[in-house]
Amino acid sequence: MEYVLTANNLYKSYNSFKALSGLSIHVPKGSIYGLIGKNGAGKTTLIRIICGLQSPTLGDYTLYGVENRSPKISRARRKMGAVVETPSIYLDMSAEDNLKQQCRILGLPDFSCVPELLETVCLENAGRKKSRNFSLGMKQRLGIAVALCGSPDFLVLDEPTNGLDPQGIVEIRELIIRLNRERNITFLISSHILDELSKLATCYGFIDGGKTVKEISSEELEAACRKCRRVKVTDIGALCRTLDDMKLEYSVISDSEADIFGNCSVTKLSENLYKSGCELISVSDRDESLESYFISLVG
Ligand code: ATP
(Lines give C-alpha, C1' and ligand atoms only; values in the text may rest on other atoms or scores of the structure.)
Protein backbone atom coordinates (compact mmCIF):
# COMPACT_ATOMS: atom_id res chain seq x y z
CA MET A 1 0.00 0.00 0.00
CA GLU A 2 1.17 3.51 -0.80
CA TYR A 3 1.28 5.89 2.18
CA VAL A 4 1.18 9.68 2.14
CA LEU A 5 2.27 9.93 5.76
CA THR A 6 3.94 7.43 8.07
CA ALA A 7 5.32 7.99 11.54
CA ASN A 8 6.86 5.50 13.91
CA ASN A 9 7.40 6.11 17.60
CA LEU A 10 7.17 9.88 17.62
CA TYR A 11 7.92 11.70 20.86
CA LYS A 12 7.32 15.34 21.73
CA SER A 13 8.21 16.71 25.15
CA TYR A 14 7.58 20.10 26.67
CA ASN A 15 10.14 20.14 29.51
CA SER A 16 9.26 17.02 31.46
CA PHE A 17 5.75 16.69 29.98
CA LYS A 18 5.36 14.20 27.14
CA ALA A 19 2.65 15.36 24.70
CA LEU A 20 3.55 12.47 22.34
CA SER A 21 5.07 9.30 23.70
CA GLY A 22 5.57 6.76 20.94
CA LEU A 23 2.90 7.73 18.43
CA SER A 24 2.72 5.85 15.12
CA ILE A 25 0.48 6.57 12.15
CA HIS A 26 0.08 5.28 8.59
CA VAL A 27 -2.13 7.33 6.23
CA PRO A 28 -2.86 5.45 2.96
CA LYS A 29 -2.98 7.45 -0.28
CA GLY A 30 -6.55 8.33 -1.25
CA SER A 31 -7.93 7.67 2.24
CA ILE A 32 -9.87 9.84 4.68
CA TYR A 33 -7.93 9.08 7.85
CA GLY A 34 -9.74 9.90 11.10
CA LEU A 35 -7.35 10.74 13.94
CA ILE A 36 -9.44 10.22 17.01
CA GLY A 37 -8.58 10.93 20.63
CA LYS A 38 -9.87 12.71 23.71
CA ASN A 39 -8.98 16.33 24.49
CA GLY A 40 -5.26 16.51 25.19
CA ALA A 41 -4.50 13.16 23.51
CA GLY A 42 -1.90 14.80 21.25
CA LYS A 43 -3.78 15.27 17.96
CA THR A 44 -2.85 18.92 17.41
CA THR A 45 0.73 18.26 18.49
CA LEU A 46 1.06 15.55 15.81
CA ILE A 47 -0.53 17.82 13.19
CA ARG A 48 1.76 20.73 14.09
CA ILE A 49 4.76 18.42 13.73
CA ILE A 50 3.82 17.08 10.30
CA CYS A 51 3.05 20.62 9.11
CA GLY A 52 6.59 21.59 10.11
CA LEU A 53 5.44 24.02 12.81
CA GLN A 54 7.26 21.98 15.49
CA SER A 55 9.96 19.31 15.49
CA PRO A 56 9.61 15.94 17.18
CA THR A 57 11.82 15.45 20.24
CA LEU A 58 12.51 11.89 19.10
CA GLY A 59 11.38 9.68 16.23
CA ASP A 60 10.83 10.30 12.53
CA TYR A 61 8.04 10.59 10.02
CA THR A 62 7.88 10.46 6.24
CA LEU A 63 5.74 12.56 3.93
CA TYR A 64 5.36 11.05 0.42
CA GLY A 65 8.26 8.78 1.34
CA VAL A 66 10.55 11.73 2.20
CA GLU A 67 12.04 11.62 5.71
CA ASN A 68 11.46 14.69 7.89
CA ARG A 69 15.21 15.26 8.29
CA SER A 70 15.77 15.28 4.53
CA PRO A 71 16.29 18.65 2.81
CA LYS A 72 13.57 17.53 0.36
CA ILE A 73 10.88 17.67 3.07
CA SER A 74 9.90 21.30 2.22
CA ARG A 75 9.21 20.26 -1.38
CA ALA A 76 7.09 17.29 -0.15
CA ARG A 77 5.23 19.65 2.18
CA ARG A 78 4.20 21.80 -0.79
CA LYS A 79 1.89 18.93 -1.77
CA MET A 80 -0.04 19.31 1.48
CA GLY A 81 -2.44 21.91 2.78
CA ALA A 82 -3.65 22.30 6.35
CA VAL A 83 -6.14 24.02 8.60
CA VAL A 84 -4.64 23.81 12.11
CA GLU A 85 -6.72 24.93 15.11
CA THR A 86 -8.39 28.03 13.53
CA PRO A 87 -8.61 28.80 9.78
CA SER A 88 -5.73 31.03 8.59
CA ILE A 89 -7.78 33.86 7.09
CA TYR A 90 -7.56 37.64 7.12
CA LEU A 91 -10.73 38.79 8.85
CA ASP A 92 -10.74 42.23 7.22
CA MET A 93 -10.68 40.75 3.70
CA SER A 94 -13.38 39.18 1.55
CA ALA A 95 -13.23 35.49 0.63
CA GLU A 96 -11.90 36.36 -2.82
CA ASP A 97 -9.19 38.68 -1.47
CA ASN A 98 -8.15 36.04 1.07
CA LEU A 99 -7.60 33.55 -1.76
CA LYS A 100 -5.74 36.11 -3.89
CA GLN A 101 -3.49 36.86 -0.92
CA GLN A 102 -2.74 33.14 -0.49
CA CYS A 103 -1.89 32.91 -4.24
CA ARG A 104 0.63 35.75 -3.70
CA ILE A 105 2.12 34.03 -0.63
CA LEU A 106 2.56 30.80 -2.59
CA GLY A 107 4.02 32.70 -5.55
CA LEU A 108 1.37 31.41 -7.96
CA PRO A 109 1.60 33.10 -11.39
CA ASP A 110 -2.02 34.35 -11.39
CA PHE A 111 -5.36 34.23 -9.60
CA SER A 112 -7.01 31.86 -12.09
CA CYS A 113 -7.75 29.25 -9.42
CA VAL A 114 -9.77 31.69 -7.27
CA PRO A 115 -13.25 31.50 -8.92
CA GLU A 116 -13.15 27.69 -8.97
CA LEU A 117 -12.04 27.53 -5.33
CA LEU A 118 -14.84 29.89 -4.26
CA GLU A 119 -17.30 27.65 -6.08
CA THR A 120 -15.80 24.48 -4.57
CA VAL A 121 -16.45 25.72 -1.04
CA CYS A 122 -19.79 27.36 -1.98
CA LEU A 123 -18.60 30.91 -1.26
CA GLU A 124 -19.01 32.24 -4.80
CA ASN A 125 -21.87 34.45 -3.62
CA ALA A 126 -20.13 35.82 -0.53
CA GLY A 127 -19.32 38.99 -2.52
CA ARG A 128 -17.38 41.81 -0.81
CA LYS A 129 -18.48 40.75 2.68
CA LYS A 130 -15.51 40.77 5.04
CA SER A 131 -14.75 37.36 6.45
CA ARG A 132 -15.04 38.65 10.04
CA ASN A 133 -18.79 38.76 9.33
CA PHE A 134 -18.89 35.15 8.09
CA SER A 135 -20.59 32.37 10.03
CA LEU A 136 -18.25 29.83 11.66
CA GLY A 137 -19.05 27.35 8.88
CA MET A 138 -18.22 29.91 6.16
CA LYS A 139 -14.91 30.72 7.90
CA GLN A 140 -14.07 27.03 8.06
CA ARG A 141 -14.91 26.56 4.36
CA LEU A 142 -12.80 29.59 3.45
CA GLY A 143 -9.95 28.11 5.53
CA ILE A 144 -10.22 24.92 3.49
CA ALA A 145 -10.22 26.94 0.23
CA VAL A 146 -7.06 28.74 1.40
CA ALA A 147 -5.48 25.35 2.16
CA LEU A 148 -6.49 24.18 -1.34
CA CYS A 149 -4.52 26.98 -3.06
CA GLY A 150 -1.58 25.44 -4.86
CA SER A 151 -3.60 22.24 -5.54
CA PRO A 152 -2.34 20.04 -2.69
CA ASP A 153 -3.23 16.36 -2.78
CA PHE A 154 -3.05 15.88 0.99
CA LEU A 155 -5.19 18.00 3.30
CA VAL A 156 -4.84 18.04 7.09
CA LEU A 157 -7.80 19.38 9.04
CA ASP A 158 -7.65 19.83 12.82
CA GLU A 159 -11.15 19.41 14.31
CA PRO A 160 -12.86 20.90 11.21
CA THR A 161 -16.40 20.66 12.59
CA ASN A 162 -15.63 22.04 16.05
CA GLY A 163 -18.32 24.49 17.14
CA LEU A 164 -20.36 24.19 13.93
CA ASP A 165 -24.14 23.79 13.89
CA PRO A 166 -25.61 20.60 12.33
CA GLN A 167 -26.01 22.28 8.92
CA GLY A 168 -22.40 23.52 8.99
CA ILE A 169 -21.21 20.02 9.96
CA VAL A 170 -23.05 18.48 6.98
CA GLU A 171 -21.57 21.09 4.59
CA ILE A 172 -17.99 20.43 5.72
CA ARG A 173 -18.53 16.66 5.60
CA GLU A 174 -19.93 16.82 2.06
CA LEU A 175 -17.09 19.08 0.95
CA ILE A 176 -14.47 16.65 2.30
CA ILE A 177 -16.14 13.63 0.66
CA ARG A 178 -16.43 15.50 -2.66
CA LEU A 179 -12.78 16.57 -2.63
CA ASN A 180 -11.72 13.01 -1.77
CA ARG A 181 -13.82 11.35 -4.46
CA GLU A 182 -13.52 13.89 -7.27
CA ARG A 183 -9.95 15.08 -6.79
CA ASN A 184 -8.53 12.06 -4.99
CA ILE A 185 -7.30 14.28 -2.15
CA THR A 186 -6.08 12.31 0.88
CA PHE A 187 -7.35 13.67 4.20
CA LEU A 188 -6.09 13.50 7.76
CA ILE A 189 -8.88 14.77 10.03
CA SER A 190 -8.66 15.00 13.80
CA SER A 191 -11.68 14.83 16.05
CA HIS A 192 -12.76 13.69 19.48
CA ILE A 193 -16.17 12.60 18.15
CA LEU A 194 -15.98 9.14 16.54
CA ASP A 195 -19.62 9.21 15.47
CA GLU A 196 -18.97 12.30 13.35
CA LEU A 197 -15.79 10.89 11.79
CA SER A 198 -17.48 7.56 11.08
CA LYS A 199 -19.68 9.25 8.47
CA LEU A 200 -16.70 9.90 6.23
CA ALA A 201 -13.48 8.20 7.38
CA THR A 202 -12.10 5.19 5.53
CA CYS A 203 -9.56 4.38 8.26
CA TYR A 204 -8.84 5.46 11.80
CA GLY A 205 -6.03 5.99 14.24
CA PHE A 206 -7.08 5.97 17.89
CA ILE A 207 -4.67 7.86 20.13
CA ASP A 208 -4.57 8.25 23.87
CA GLY A 209 -1.98 9.87 26.13
CA GLY A 210 0.24 10.65 23.12
CA LYS A 211 0.33 7.02 21.94
CA THR A 212 -1.39 5.10 19.15
CA VAL A 213 -3.82 2.63 20.67
CA LYS A 214 -5.08 1.16 17.40
CA GLU A 215 -5.16 1.75 13.64
CA ILE A 216 -8.18 0.21 11.97
CA SER A 217 -10.03 0.37 8.63
CA SER A 218 -13.68 1.47 8.44
CA GLU A 219 -14.67 -2.12 7.51
CA GLU A 220 -12.91 -3.47 10.61
CA LEU A 221 -14.54 -0.81 12.77
CA GLU A 222 -17.97 -1.60 11.34
CA ALA A 223 -17.47 -5.31 12.07
CA ALA A 224 -16.28 -4.51 15.60
CA CYS A 225 -19.37 -2.38 16.23
CA ARG A 226 -21.95 -4.69 14.65
CA LYS A 227 -24.72 -6.16 16.74
CA CYS A 228 -23.97 -9.77 17.57
CA ARG A 229 -24.58 -12.55 20.06
CA ARG A 230 -21.63 -13.73 22.15
CA VAL A 231 -21.84 -17.40 23.09
CA LYS A 232 -19.69 -19.33 25.53
CA VAL A 233 -19.39 -23.10 25.13
CA THR A 234 -17.47 -26.09 26.46
CA ASP A 235 -16.07 -27.07 23.01
CA ILE A 236 -15.13 -24.28 20.59
CA GLY A 237 -14.41 -26.76 17.76
CA ALA A 238 -17.93 -28.20 18.01
CA LEU A 239 -19.35 -24.67 18.06
CA CYS A 240 -17.50 -23.73 14.84
CA ARG A 241 -18.67 -26.92 13.07
CA THR A 242 -22.26 -26.33 14.19
CA LEU A 243 -22.21 -22.66 13.08
CA ASP A 244 -20.73 -23.68 9.71
CA ASP A 245 -23.53 -26.26 9.29
CA MET A 246 -26.10 -23.59 10.21
CA LYS A 247 -24.45 -21.22 7.68
CA LEU A 248 -24.03 -18.50 10.27
CA GLU A 249 -21.34 -15.80 10.18
CA TYR A 250 -19.19 -15.76 13.31
CA SER A 251 -15.88 -14.72 14.74
CA VAL A 252 -13.98 -16.74 17.38
CA ILE A 253 -13.06 -14.59 20.37
CA SER A 254 -11.31 -17.09 22.67
CA ASP A 255 -10.99 -20.87 23.19
CA SER A 256 -14.52 -20.92 24.57
CA GLU A 257 -16.29 -17.88 23.03
CA ALA A 258 -17.49 -16.69 19.62
CA ASP A 259 -19.55 -13.77 18.32
CA ILE A 260 -22.41 -14.77 16.00
CA PHE A 261 -23.73 -12.22 13.49
CA GLY A 262 -27.18 -12.18 11.89
CA ASN A 263 -30.32 -13.97 13.07
CA CYS A 264 -29.53 -16.96 15.22
CA SER A 265 -32.10 -19.09 17.04
CA VAL A 266 -30.64 -19.90 20.44
CA THR A 267 -32.97 -22.92 20.83
CA LYS A 268 -31.82 -24.39 17.51
CA LEU A 269 -28.17 -23.66 18.30
CA SER A 270 -28.48 -25.24 21.73
CA GLU A 271 -30.14 -28.38 20.25
CA ASN A 272 -27.44 -28.74 17.58
CA LEU A 273 -24.64 -28.22 20.09
CA TYR A 274 -26.20 -30.81 22.42
CA LYS A 275 -26.09 -33.37 19.56
CA SER A 276 -22.34 -32.70 19.23
CA GLY A 277 -21.81 -33.20 22.97
CA CYS A 278 -21.09 -29.50 23.53
CA GLU A 279 -22.71 -27.49 26.30
CA LEU A 280 -23.91 -23.90 25.83
CA ILE A 281 -22.69 -22.06 28.94
CA SER A 282 -23.95 -18.53 28.25
CA VAL A 283 -25.41 -16.24 25.58
CA SER A 284 -25.31 -12.43 25.67
CA ASP A 285 -26.36 -9.75 23.17
CA ARG A 286 -23.63 -7.32 22.25
CA ASP A 287 -24.28 -3.96 20.67
CA GLU A 288 -20.93 -2.23 20.49
CA SER A 289 -21.84 1.30 19.45
CA LEU A 290 -19.10 3.52 18.04
CA GLU A 291 -18.79 5.58 21.19
CA SER A 292 -18.59 2.57 23.49
CA TYR A 293 -15.96 1.07 21.18
CA PHE A 294 -14.02 4.34 21.47
CA ILE A 295 -14.35 4.29 25.25
CA SER A 296 -13.31 0.63 25.39
CA LEU A 297 -10.10 1.62 23.57
CA VAL A 298 -9.19 4.89 25.29
CA GLY A 299 -11.00 4.53 28.62
P1 ATP B 1 -7.73 18.93 21.91
O2 ATP B 1 -8.74 17.97 21.33
O3 ATP B 1 -8.16 19.47 23.23
O4 ATP B 1 -7.31 20.00 20.94
P5 ATP B 1 -5.30 17.46 21.38
O6 ATP B 1 -5.48 15.99 21.27
O7 ATP B 1 -5.20 18.23 20.13
O8 ATP B 1 -6.45 18.06 22.29
P9 ATP B 1 -2.76 18.63 22.03
O10 ATP B 1 -3.18 20.05 21.80
O11 ATP B 1 -1.89 17.99 21.03
O12 ATP B 1 -4.02 17.70 22.30
O13 ATP B 1 -2.04 18.59 23.45
C14 ATP B 1 -1.50 17.40 24.00
C15 ATP B 1 -0.95 17.72 25.37
O16 ATP B 1 0.21 18.54 25.23
C17 ATP B 1 -1.93 18.49 26.24
O18 ATP B 1 -1.84 17.98 27.57
C19 ATP B 1 -1.44 19.91 26.18
O20 ATP B 1 -1.73 20.61 27.35
C21 ATP B 1 0.06 19.72 26.02
N22 ATP B 1 0.70 20.82 25.29
C23 ATP B 1 0.42 21.19 24.02
N24 ATP B 1 1.21 22.24 23.67
C25 ATP B 1 1.98 22.54 24.73
C26 ATP B 1 3.02 23.50 25.01
N27 ATP B 1 3.39 24.38 24.09
N28 ATP B 1 3.59 23.49 26.24
C29 ATP B 1 3.22 22.59 27.17
N30 ATP B 1 2.27 21.63 26.99
C31 ATP B 1 1.66 21.62 25.79
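Miscellaneous remarks
- Of the residues Gly168, Gly143, the single one that is modelled with pLDDT under 90 and surrounded by 15 or more Cβ atoms within 10 Å (Cβ to Cβ) is Gly168.
- Hey, Arg77 touching a Cys at 6+ places or on another chain (Cβ under 8 Å) and surrounded by fewer than 22 Cβ atoms within 10 Å (Cβ to Cβ) or not: yes
- Only residues that are more than 16 Å from the ligand (Cβ to nearest atom) and either open to solvent by 50 Å² or more (accessible area, probe 1.4 Å) or in contact with a helix residue (DSSP H, G or I) (Cβ under 9 Å, 6 or more places away or on another chain) (or both) were counted across the stretch 153-165, and they come to 3.
- Every listed requirement among (1) over 24 Å from Thr44 (Cα atoms); (2) in contact with a His (Cβ under 7 Å, 6 or more places away or on another chain) is met by Glu215 save one, (1).
- Within the stretch 31-50, residues that are near the ligand (Cβ under 7 Å from one of its atoms) and open to solvent by less than 10 Å² (accessible area, probe 1.4 Å) sit with their Cβ atoms under 8 Å from residues that are part of a helix (DSSP H, G or I) and of a type in the set (A, V, I, L, M), at 6+ positions apart or across chains, in these pairs: Gly37/Val298; Ala41/Val298.
- Exactly one residue out of Glu291, Glu257 is touching a residue at least 60 places away in the same chain (Cβ under 8 Å) and either open to solvent by 60 Å² or more (accessible area, probe 1.4 Å) or over 30 Å from Ile25 (Cβ atoms) (or both), and it is Glu291.
- Pairs with Cβ under 6 Å, 6+ apart, first in the stretch 82-104 and in the same structural domain as Val146 (by TED's automatic domain parsing) and open to solvent by 40 Å² or more (accessible area, probe 1.4 Å), second away from the ligand (no atom under 16 Å from the Cβ) and among the small types (Gly, Ala, Ser): Leu91/Ser131
- Residues (assigned to a strand (DSSP E or B) and open to solvent by 30 Å² or more (accessible area, probe 1.4 Å)) located in the stretch 1-11: Tyr3, Asn8, Asn9, Tyr11
- In this entry, Ser131 passes the filter for residues that are touching a Lys or Arg at 6+ places or on another chain (Cβ under 9 Å), over 19 Å from Leu23 (Cα atoms) and open to solvent by less than 10 Å² (accessible area, probe 1.4 Å).
- Only listed residue being open to solvent by 10 Å² or more (accessible area, probe 1.4 Å), closer than 21 Å to Pro28 by Cα and not in a helix (DSSP H, G or I), chosen from Ile207, Ile216, Ile177, Ile189: Ile216
- Residue match in the stretch 112-123 (condition: within 16 Å of the ligand (Cβ to nearest atom), open to solvent by 80 Å² or more (accessible area, probe 1.4 Å) and either in contact (Cβ under 8 Å) with a residue 24 or more places away in the chain or not in a strand (DSSP E or B) (or both)): no
- Residue within the stretch 183-191 that is touching a strand residue (DSSP E or B) at 6+ places or on another chain (Cβ under 7 Å) and under 18 Å from Ser292 (Cα atoms) present: yes
The values are calculated or read from the model by the stated rules, or taken from the named source; none is laboratory data. The model shown is predicted, which means the values in this text are computed figures rather than measured ones. Heads up, the Cβs are rebuilt from the backbone with ideal geometry, glycines too, and the neighbour counts pull from every protein chain shown. Side chains included, ligands, DNA and RNA excluded: accessible areas come from the protein's heavy atoms. Shrake-Rupley method; radii C 1.70, N 1.55, O 1.52, S 1.80 Å.
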